[in-house]
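Only one structure is covered here, and it is reproduced in the block below.
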Amino acid sequence: MNDISLIEGLKTRRSIRSYLDKPVPDSLIEELLDVVRWAPSSSNNQPWRFVVVRDQQKKENLRGGLRDAVIPFSKHIVEAPVVFVAWYTPSIILKKWQISDVSNAVTYLLLAAHARGLGTCWIGWFSEERVKKTLNLPRNAVVVAVVTAGYTSENPEPRRRKPISDITYRETFDTSW
Ligand SMILES: Cc1cc2nc3c(=O)[nH]c(=O)nc-3n(C[C@H](O)[C@H](O)[C@H](O)COP(=O)(O)O)c2cc1C
């Protein structure tokens, strides 16, 4: 999957929830984070911060504190060789946009990983309090995403996407595309 074109990469990324037992080196993680730095952000404030977790006990802790019904949605946290936690500290002036900023960075992370042959999954089902405690994050930190990553051991079919006509309007909401 190396050196795929940008458009092809955008269309072929999948959420990967099963990984090979193969370590991901720091050099690769740094290459991905170097790309992430180029994500757009409000007033170029770059509020994104990442904690990279490989420790098994920490991964178990990251997954804790969830209601039973949603635990299956986060099982890959403990199985992935590496987990990124994306968070920010709210600023008074820019807080309206900072979730968007960090989301942009997370999307860049997923896509850069894909371009380098790693599978990822954005996990929204986590206990923010549990994650903050496990990682010693500041009290006012906002956790945006937990991202699992590793060499892929599955090749899922694309999930269905809505057609353009369902998501687009001409000029105003009352005229479909
Ligand atoms: C904000 C957000 C939260 C998500 N939370 C979870 C999650 O908790 N667990 C999970 O397995 N996948 C999660 N996903 C992945 C979505 O299920 C996935 O992106 C969607 O089904 C489309 O599949 P695809 O990424 O393979 O195209 C999340 C994705 C986003 C963007």
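What follows is calculated from the coordinates using simple rules that are stated; it is not laboratory data. Everything numeric here is computed off the predicted structure, so don't read it as measured data. Here the Cβ is made from the backbone with ideal geometry for all residues, glycine too, and neighbour counts use every protein chain on show.
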>> To the nearest 20 Debye, how big is the dipole of segment 6-154 about its Cα centre, given +1 on the beta carbon of each Lys and Arg and -1 on that of each Asp and Glu?
In response: 400 debye
> What chymotrypsin sites (Phe, Trp or Tyr not before Pro) in segment 35-122 are in a loop by DSSP, with at most 12 other Cβ atoms within 10 Å of the Cβ?
Replying inline: TRP38
> Got a sec to turn the phi values of segment 43-50 into Karplus ³J(HN,Hα) couplings, 6.51 cos²θ - 1.76 cosθ + 1.60 with θ = phi - 60°, whole Hz, x for Gly and Pro?
Replying inline: 6, 6, 7, 6, x, 4, 9, 10
> With Cβ to Cβ distances under 14 Å as the rule, what net charge do the other residues near ARG161 carry (K, R +1; D, E -1)?
Replying inline: +4
> Each label point is 7 Å from the Cα along the Cα-to-Cβ direction; what then is the distance between the points at TRP177 and ARG37, in nm?
Replying inline: 3.5 nm
> Normalised by the number of residues in the chain, what is the relative contact order in percent for Cα pairs under 8 Å and 6+ residues apart?
Replying inline: 33 percent
>> Once each part is reduced to its C-alpha centroid, what is the distance from segment 117-177 to segment 1-42 in angstrom?
In response: 14 Å
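What's the extension gain from GLU79 to LEU94 if we count 0.36 nm per residue and subtract their Cα-Cα distance?
The span from GLU79 to LEU94 would gain 1.8 nm if fully extended.
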> Which value in deg cm²/dmol, rounded to the nearest 500, describes the helix-derived mean residue ellipticity at 222 nm for the chain, given -39,500 (n - 2.57) per DSSP H run of n ≥ 4 and division by the residue count?
Replying inline: -10000 deg cm²/dmol
>> List the residues, sorted by chain then number, that are 5 or more residues from GLY150 or on another chain and whose placed amide H is less than 5 Å from its amide H.
In response: GLY119
>> Skipping prolines and chain starts, which residues have an amide H placed within reach, meaning under 5 Å, of the one on ALA145, given they are 5 or more residues away or on another chain?
In response: ALA86
